[in-house]
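**Student:** I'd like to ask some things about the structure below.
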Protein chains: 2
Amino acid sequence: MEGNRWQLVRRWCWRRLPVLHWLPTYDLKANLAADTVAGAMLSVHQVAQGLAFAVLSSVHPVFGLYGALFPPIIYAIFGMGRHVATAAFGITSLISAGAVERLVPPNASFTANSNSSVLGLSDFEMQRIGIATAVTFLGGIIQVAMFMLNAGSATLLLPEPVLSSMTTGAATNVVTSQVKYLLGIKMPYISGPLGTFYIYAYAFNNISSVRLEVLLFSLLSIVVLVVLKQLNEQFKEKIKVVIPVELVLMITTSVACYCADMENTYGLPVVGHIPEGIPPPQAPPMNALADVVIEGFGIAVVGYAASVMLAQGSAKKFNYYVDDNQELLAHGLSNVVSSFFFCIPNSAAMARTGLLYSCGAKTQVACLISCGFILVVIYTMGTLLYWLPMCVLASIIVVGLKGMLMQFCDLKKYWNVDKVDWVIWVLTYVVTISFAANVGLFFGVVFNIAVGVVRVTRAKTISLINMKEENCKIIEDVQHDSFQQVKIVSVTTPLFFMNAKKFKGDLMKMNKRNPAIIKLSEDTNEFEENILLNPVSNGVLNGEDFKSPPPSATRGILILDCSGMTFFDYTGVSILVQIYMDFKRNDVDVLFVHCLSSLIKALQHSGLKPEDHVFFDSVSIALDVICSSKACSKLSDQTEV
Amino acid sequence: MEGNRWQLVRRWCWRRLPVLHWLPTYDLKANLAADTVAGAMLSVHQVAQGLAFAVLSSVHPVFGLYGALFPPIIYAIFGMGRHVATAAFGITSLISAGAVERLVPPNASFTANSNSSVLGLSDFEMQRIGIATAVTFLGGIIQVAMFMLNAGSATLLLPEPVLSSMTTGAATNVVTSQVKYLLGIKMPYISGPLGTFYIYAYAFNNISSVRLEVLLFSLLSIVVLVVLKQLNEQFKEKIKVVIPVELVLMITTSVACYCADMENTYGLPVVGHIPEGIPPPQAPPMNALADVVIEGFGIAVVGYAASVMLAQGSAKKFNYYVDDNQELLAHGLSNVVSSFFFCIPNSAAMARTGLLYSCGAKTQVACLISCGFILVVIYTMGTLLYWLPMCVLASIIVVGLKGMLMQFCDLKKYWNVDKVDWVIWVLTYVVTISFAANVGLFFGVVFNIAVGVVRVTRAKTISLINMKEENCKIIEDVQHDSFQQVKIVSVTTPLFFMNAKKFKGDLMKMNKRNPAIIKLSEDTNEFEENILLNPVSNGVLNGEDFKSPPPSATRGILILDCSGMTFFDYTGVSILVQIYMDFKRNDVDVLFVHCLSSLIKALQHSGLKPEDHVFFDSVSIALDVICSSKACSKLSDQTEV
């Protein structure tokens, strides 16, 4: 009993702690060198982006450094992606900024110098990071709850067009939020519906207050970053090393800023004082949780959606397996735990994963090594970051989102492959930039499902079987005469409430196209679209070469091949029974072939009597029985299935 | 130009005014007698139910009589159902009662005798009917808007199990609301979530205040109604007449009540003063519309859902055609117009349609004739209704809902046919009785779609084609050897985001079942569920009698028959390309057969080069090409499609 429980615990750990798999089998010789180089490169990127995303989150930049330190450690224990560097991320930062700016607006009544005991930061900054950690905590809790509900399997509702569109839209929103830093204009925090457009409108109206020095600095940074990264990418093979472009840029601009004293001379905003060291852990303010529910859900879903895409991409590229649900647990726990260490919401990011690819990282050890470097930065280099201009950080953010913004090029692909997906992409993008990433994602998923449902309801439900090919042998045995009245129709789709009516309509229309229509009902007027039944006749060769058989008194036969009917519901069964009855009334026997045993049972419960002999194992058996019974002129001794 | 426009108007009228079809061709001789008898019977029923449903709507009983007069006239002009008697209806009355009780509660400060000029009714009563007409008006406007959006075609989202469950639940709610009249206890208006249960709890707690006379009266009425109606139904064929049970009951109980002066002696609540005549039309209070939006939507959707089911039932029974969207227009207009005549929300009702069936009504003329009788009642017999006991009205309501409550018996049917539909029925019922009809309907529809989506994602996606049957001729021409490596798989479903991943998994699993698995990747551990690819081998006879072919250096061939793939989206196409690439890497050529031309285009845009020669018109052509190329030992001269 005791041993049994121990076994269960062990099995659970084995399943839910991927670290137990990869760590013991880690090949030091093959991977460590590559991982160390990649880790060092990643740490530079993490420091720059950490500072930047913390500013984007409306909290003090130092918290971005913590956000690059703790989450990767938790993820390495629970996560399965090998190139997934979790840390602060543009889209989730933007969502949590909404909560921070709403609950702790900058003009709140704080005395400027009321320094709290933590790191020498003001109460105002501590209030703000408190809200951000509350969002982190709640988002993580929701992700863990989703893991418990096995929601990871619902990722099939997040297809590529929706994710691509949402991330592109969110990247647009992040770029928009950086406009004020790039242009150097003072702008209030603008959010809410159509916020993106209001920001551009505000910038346009205040075009005169643009600081040219700042704008130049930004443009220069962006150009340098883009060009150097591009060159780096192109000549990677030759020079065998990746230049730490961000690090170079940060050092040069900081030095330039310090030497020219730009902060005071030109009023160039700089990062300012970065405290050194890590404060003791502190629980996020639980009383704020109720106020950040919407943001929490946004973080949980959007962060997960963006992360799982990257994890799956890495798994596909390097041929290993990632469990969607396990990823939920990993990201949930890394959010929950890191929220106790003053971290803003974290998730995987495309730029970091791309960096790991191009630096040749092999495993998640690269992320752990980068954590080591970051720890060094936190304890030693805080003061060196003082002179880093904000506009350089903004440029790093914008260039970091290049990959996401480039997804615009996917539009051509979608247009060529499926115009409907193109429309979904465009609409989701518009909704995302007009509202927010979480609204856009929700819209995209719901709209996509709705489109899928409409497509299912409109899909082709039947196809006439080409008897010549299918039953080449049998057809020869039978005289032309007895086949005159047999039609074989294949049900190509499951029958359920979405398409059952269409199925009946299609079947009727197929008979209508038959030239030998006999009016059976006198109750017709122009208003009536009810299709009249008629004895079906030979459907040889896709119903094309009919020889308009004369209306005969013999009973017609319709064979329904149900092999494509992989499932059904009550509506589907009742439509089948209805068709059976309608055709029977009009002297057409309907035979069912290749039915699931559950379908046979359901049809019999719904009114088809077993003595009717309408179920057969295959088309050929049904045809044999028809032929033999035609010969005997009676149907009583059919081989029933 | 002018004539053209005239033509358009004429054509529109012809399409949208069914009265132009049925009235000129009305066969007086054949139908008038039957319709008159049915109309007379219907009018009795309409008067009784009209009074009852007005009370249920929390308005003065007289307004129920108007509600039985105006709507059928409008419906006869625009509607297509021949046995659809529109008037006040239990479920919609209960919804509008919610608005009335919320906005004009009984303890509002009205001086009891402040009679308004209309019909001598108090201001309080006029306020209440004002709210009810506002609900009617808004519900009608929403229905007309739905007509314009062509929402009638969305009725396929209202399958029978959902409608049956919602109406049963709503009928339960109506019966519950009549408990106070049946037991004769005074009870405050109880609504909101779990209201049904609170009402029973209240009645149980106040069991001592039940008036035994009232309870006896109710039980007697119910028993008499049920028994007489049952007898009527059974001996209809013999006695050729339908006894107006309600009329008999109303007259006897009124007389008894009057003679014994029960109102004063036993405190038996009676209907009271019913004013005679019809007041001049008056617009519903437009300022109340904003307050009744939820109820308006409830009326529009629930009323329509219940009505269209009955119209379709009549159409099916008497073999004529009903346009779902036209019904929306008819019900919408009958609500809008009648709201100007002090009418409570109206819709078709199962009890009335059943009555029309059993009285042998032929066309909608029966309803028009009943309007004539009701007009007579309104102008002459108001005072005679004074002594009608309320508990008798409640009994009439309860017995009138018998048909809906009997839908409980459908449960067995659903259980036998499809257990999932059974679950949907039960859950929708529980939600409906716990909350309200509109909530229940919404839940049912959404839950049903969700179940449908899940079923689609889990449906079988592929089937191995039995080559022996399919290609009996060709297979003989080919040596066993060259077929060793060919497998034909049929895609049985559209490929889109809901099932694309499953499709790939199924295809991989099908190969995994193959005994000759060759490990191609060394990166395997227990965690890995990624299925390894292997050269596919012969799938003859449903993959059962493999003879474990030795791993050979020759390329395998997988033929994908895409004839079942009736539509696709970007996700589906990219999965197909992925499969093509994965298999190619593992020395398996994938050929596509029976593709839609749009699919071929999409696949070529996604990376399949036209020079690969992978598209074929049919399986046999593909096999021919394979054989001939095997013979020549090269694939260069394939017949490409």
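**Student:** Restricting the first residue to segment B:492-507 and requiring it to be facing another protein chain (nearest Cβ under 8 Å), which pairs with a second residue that is of a type in the set (Asp, Glu) and not in a strand (DSSP E or B) meet a Cβ separation below 8 Å and a spacing of at least six or different chains?
**Tutor:** B:Phe496/B:Asp569; B:Phe497/B:Asp569
**Student:** Among the numbered conditions (1) at pLDDT 85 or above; (2) not in a helix (DSSP H, G or I), tell me where A:Ser96 comes up short.
**Tutor:** Status for A:Ser96: all satisfied but (2).
**Student:** Restricting to helices (runs of 4 or more DSSP H) lying wholly in segment A:186-301: which have 3 or more residues that are in the same structural domain as A:Ile374 (by TED's automatic domain parsing) and of a type in the set (D, E, K, R)? Before the answer, list the steps.
**Tutor:** On the way: elements: A:195-205, A:212-239, A:245-259, A:262-265.
The helices (runs of 4 or more DSSP H) meeting that bar are A:212-239.
**Student:** Turning to a different aspect of this structure: Can you tell me which residues in segment A:221-241 are surrounded by fewer than 15 Cβ atoms within 10 Å (Cβ to Cβ) and modelled with pLDDT of 80 or more?
**Tutor:** Once the filter is applied, which keeps residues that are surrounded by fewer than 15 Cβ atoms within 10 Å (Cβ to Cβ) and modelled with pLDDT of 80 or more, segment A:221-241 yields A:Val223, A:Val227, A:Gln230, A:Leu231, A:Gln234.
**Student:** Ok, one more. Any idea how many residues of segment B:249-285 are without any contact (Cβ under 8 Å) to a residue 12 or more places away in the chain and closer than 22 Å to B:Gly64 by Cβ?
**Tutor:** Residues of segment B:249-285 that are without any contact (Cβ under 8 Å) to a residue 12 or more places away in the chain, as a first pass: B:251-252, B:256, B:259-261, B:264-265, B:280.
Filter once more, so that each one left must be closer than 22 Å to B:Gly64 by Cβ: B:251-252, B:280.
So the answer is 3.
**Student:** Another one. Which members of segment A:127-141 meet the condition of being among the hydrophobic types (A, V, I, L, M, F, W, C) and either surrounded by fewer than 24 Cβ atoms within 10 Å (Cβ to Cβ) or assigned to a loop (DSSP other than H, G, I, E, B) (or both)? Break it down stepwise before answering.
**Tutor:** Pass one, segment A:127-141, residues among the hydrophobic types (A, V, I, L, M, F, W, C): A:129, A:131-132, A:134-135, A:137-138, A:141.
Once the filter is applied, which keeps residues that are among the hydrophobic types (A, V, I, L, M, F, W, C) and either surrounded by fewer than 24 Cβ atoms within 10 Å (Cβ to Cβ) or assigned to a loop (DSSP other than H, G, I, E, B) (or both), segment A:127-141 yields only A:Ile141.
**Student:** Here is a list: A:Ser164, A:Ser218. Which entry is surrounded by 20 or more Cβ atoms within 10 Å (Cβ to Cβ) and within 14 Å of chain B (Cβ to nearest Cβ)? First the steps, then the outcome.
**Tutor:** Working: A:Ser218 fails: within 14 Å of chain B (Cβ to nearest Cβ).
Just a single option satisfies the conditions, and that option is A:Ser164.
**Student:** Please work out which one of (1) part of a loop (DSSP other than H, G, I, E, B); (2) under 21 Å from A:Leu249 (Cα atoms) is the condition A:Lys362 fails and give its number.
**Tutor:** Status for A:Lys362: all satisfied but (2).
**Student:** Let me ask something additional. Counting only residues that are charged (D, E, K, R) and either surrounded by 13 or more Cβ atoms within 10 Å (Cβ to Cβ) or at pLDDT 85 or above (or both), which one in segment B:13-32 is farthest from B:Cys367 (Cα to Cα)? Break it down into steps so the answer makes sense when it comes.
**Tutor:** Looking only at segment B:13-32, we keep the residues that are charged (D, E, K, R), and these are B:15-16, B:27, B:29.
Applying the additional criterion that residues be either surrounded by 13 or more Cβ atoms within 10 Å (Cβ to Cβ) or at pLDDT 85 or above (or both) yields B:15-16.
Working: B:Arg15: 22, B:Arg16: 20 Å.
Among residues in segment B:13-32 that are charged (D, E, K, R) and either surrounded by 13 or more Cβ atoms within 10 Å (Cβ to Cβ) or at pLDDT 85 or above (or both), the one farthest from B:Cys367 (Cα to Cα) is B:Arg15.
**Student:** Name the one entry in B:Ala306, B:Ala361 that is touching a helix residue (DSSP H, G or I) at 6+ places or on another chain (Cβ under 7 Å) and closer than 16 Å to B:Met404 by Cβ. First the steps, then the outcome.
**Tutor:** Working: B:Ala361 fails: closer than 16 Å to B:Met404 by Cβ.
None of the other options fit; the residue is B:Ala306.
**Student:** For segment B:434-467, name all the residues that are in a helix (DSSP H, G or I), more than 30 Å from B:Gly90 (Cβ to Cβ), out of contact with any Leu (no Cβ under 9 Å at 6 or more places or on another chain) and more than 9 Å from chain A (Cβ to nearest Cβ).
**Tutor:** Correct list: B:Val454 only.
**Student:** Right, next: In segment B:340-354, how many are among the hydroxyl-bearing types (Ser, Thr, Tyr) and either touching a Phe, Trp or Tyr at 6+ places or on another chain (Cβ under 7 Å) or in a loop (DSSP other than H, G, I, E, B) (or both)? So that I can check it myself, show each step before the final result.
**Tutor:** As a first pass, look at segment B:340-354 and keep what is among the hydroxyl-bearing types (Ser, Thr, Tyr): B:347, B:353.
Filter once more, keeping what is either touching a Phe, Trp or Tyr at 6+ places or on another chain (Cβ under 7 Å) or in a loop (DSSP other than H, G, I, E, B) (or both): B:347.
Going through segment B:340-354 one residue at a time, the tally reaches 1.
**Student:** Now for a different question. Before we move on, is B:Asn525 at pLDDT below 80 and either within 14 Å of chain A (Cβ to nearest Cβ) or within 30 Å of A:Leu20 (Cβ to Cβ) (or both)? Spell out how you get there, then give the answer.
**Tutor:** On the way: at pLDDT below 80: yes; either within 14 Å of chain A (Cβ to nearest Cβ) or within 30 Å of A:Leu20 (Cβ to Cβ) (or both): yes.
Yes: the conditions hold for B:Asn525.
**Student:** Within segment B:578-602, which residues are surrounded by fewer than 19 Cβ atoms within 10 Å (Cβ to Cβ), part of a helix (DSSP H, G or I) and either within 14 Å of chain A (Cβ to nearest Cβ) or in contact with a Cys (Cβ under 7 Å, 6 or more places away or on another chain) (or both)?
**Tutor:** Result: B:Gln578, B:Met581, B:Asp582, B:Arg585, B:Ser597, B:Ser598, B:Ile600, B:Lys601.
**Student:** Additional query: Against the definition (of a type in the set (A, V, I, L, M) and assigned by TED's automatic domain parsing to the domain that holds B:Asn346), how does B:Val9 come out, yes or no? Quick ask: steps written out before the conclusion?
**Tutor:** Numbers: of a type in the set (A, V, I, L, M): yes; assigned by TED's automatic domain parsing to the domain that holds B:Asn346: no.
In short, no.
**Student:** Which of the numbered conditions does A:Tyr320 fail, given that it passes all the others? Conditions: (1) assigned to a helix (DSSP H, G or I); (2) more than 20 Å from A:Ile73 (Cβ to Cβ).
**Tutor:** (1)
**Student:** What about B:Lys180, is it charged (D, E, K, R) and either over 30 Å from B:Ala300 (Cβ atoms) or touching a strand residue (DSSP E or B) at 6+ places or on another chain (Cβ under 9 Å) (or both)? Walk me through how you get there before you give the answer.
**Tutor:** Working: charged (D, E, K, R): yes; either over 30 Å from B:Ala300 (Cβ atoms) or touching a strand residue (DSSP E or B) at 6+ places or on another chain (Cβ under 9 Å) (or both): no.
So B:Lys180 does not fit the description; no.
**Student:** Same structure, new question: Among the numbered criteria (1) surrounded by 17 or more Cβ atoms within 10 Å (Cβ to Cβ); (2) modelled with pLDDT under 85, which one does A:Leu51 miss?
**Tutor:** Checking A:Leu51 against (1) surrounded by 17 or more Cβ atoms within 10 Å (Cβ to Cβ); (2) modelled with pLDDT under 85, the one that fails is (2).
**Student:** Let me ask something else. Could you tell me which residue of segment A:610-626 is farthest from the other protein chains (Cβ to nearest Cβ), considering only residues that are over 14 Å from A:Cys595 (Cα atoms) and out of contact with any helix residue (DSSP H, G or I) (no Cβ under 9 Å at 6 or more places or on another chain)?
**Tutor:** That would be A:Glu611.
The values are calculated or read from the model by the stated rules, or taken from the named source; none is laboratory data. In this text, all values refer to a predicted model and were calculated from it rather than measured experimentally. Reconstructed Cβ throughout: ideal geometry from the backbone, glycine too, with neighbour counts over all protein chains shown.
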